[in-house]
1. Per 0.36 nm of contour for each residue apart, how much would the distance between residue 1 and residue 45 grow if the chain were fully extended, relative to their Cα-Cα spacing?
2. Quick one: in the stretch 10-81, what % of C-alpha pairs are over 18 Å apart?
3. Please give every one of the lysines within straight-line cross-link reach of residue 175, meaning a C-alpha to C-alpha distance under 20 Å, and leave out same-chain neighbours fewer than 8 residues apart.
4. Under the rule of at least 5 residues apart or a separate chain, name every residue whose amide H is placed under 5 Å from the amide H of residue 114.
5. To two decimal places, what compactness ratio does the stretch 75-181 give when its Cα radius of gyration is scaled by 2.2 N^0.38 Å?
6. Run through the stretch 104-165 and list the trypsin sites (Lys or Arg not before Pro) located in a DSSP loop whose Cβ has at most 13 other Cβ atoms within 10 Å.
7. When the C-alpha atoms of the chain are aligned to their principal axes, what extent does each axis show, in angstrom, from largest down?
8. Under the definition of Cα pairs under 8 Å and six or more residues apart, what whole-number percent is the relative contact order of the stretch 21-143?
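What follows is calculated from the coordinates using simple rules that are stated; it is not laboratory data. Remember, it's a predicted structure, so these values are computed and weren't measured experimentally. Here the Cβ positions follow ideal geometry from the backbone for every residue, glycine too, while neighbour counts run over all protein chains shown.
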Amino acid sequence: MNILGINGSPRSGGNTEILLDAILAGAQEAGATVSSVKLRHLDVSPCRACDACKRTGKCIQKDDMHDLLSKMEKSEVWILGTPVYWWGVTAQLKAFIDRWYGISRDIFKDRRVALVIPLGSSNPSTAQHVLGMFEDIFAYLEMKQIGTLLVPGVYERGEAKKRLDILEEATRLGKSIVTEV
Ligand SMILES: Cc1cc2nc3c(=O)[nH]c(=O)nc-3n(C[C@H](O)[C@H](O)[C@H](O)COP(=O)(O)O)c2cc1C
């Protein structure tokens, strides 16, 4: 099984990265082939709403979304990571999601996807719009949400490293993605 992590945090060594890596390590231990990309290292421009994709089936923007899309197609499971930014997702993750507009529905249908969402607030409901956004998108595209790691109360860079219980939960989630097919 190929599993692709897609990290939407702009912060290197941040909490999304730590948690996503723990999930991927668990999945790898259980036998999956894992890889990950950091959106901050890629050139993924926002959708321009030119609708060229509707006419030609392809986005006209020449950026890293094309390579990323081919990685996504080869991966049975995607793990999407974003911290909560202003009760929403990061700009990097939003630009990436907006580009789904130009992609064939077949790529999404029945695709298994998990979420990893750290946030500074200790109140989990601060992530309600992020969770709601993903729930609606996944339902619309007929994707299968197979796990969510919501981690409130991590604010500083690398703080998630100290949360050993959460790291264990992340590793367990990674393993379960592979074993509970
Ligand atoms: C621009 C910005 C906006 C943020 N907005 C929120 C917010 O609305 N609610 C919250 O709980 N934390 C907020 N945070 C804190 C991040 O969610 C928190 O630091 C998270 O652990 C960052 O993950 P990372 O280390 O992977 O980047 C914000 C941080 C930044 C930099």
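1. 12.9 nm
2. Of all Cα-Cα distances in the stretch 10-81, 52 percent exceed 18 Å.
3. Residue 175 reaches 74, 144, 161.
4. Hits under the 5 Å cutoff: 78, 79, 80, 146.
5. Rounded to two decimals, the normalised Rg is 1.10.
6. Filter output for the stretch 104-165: 109.
7. Principal-axis extents of the chain (Cα, largest first): 50, 36, 28 Å.
8. Relative contact order, the stretch 21-143: 27 percent.
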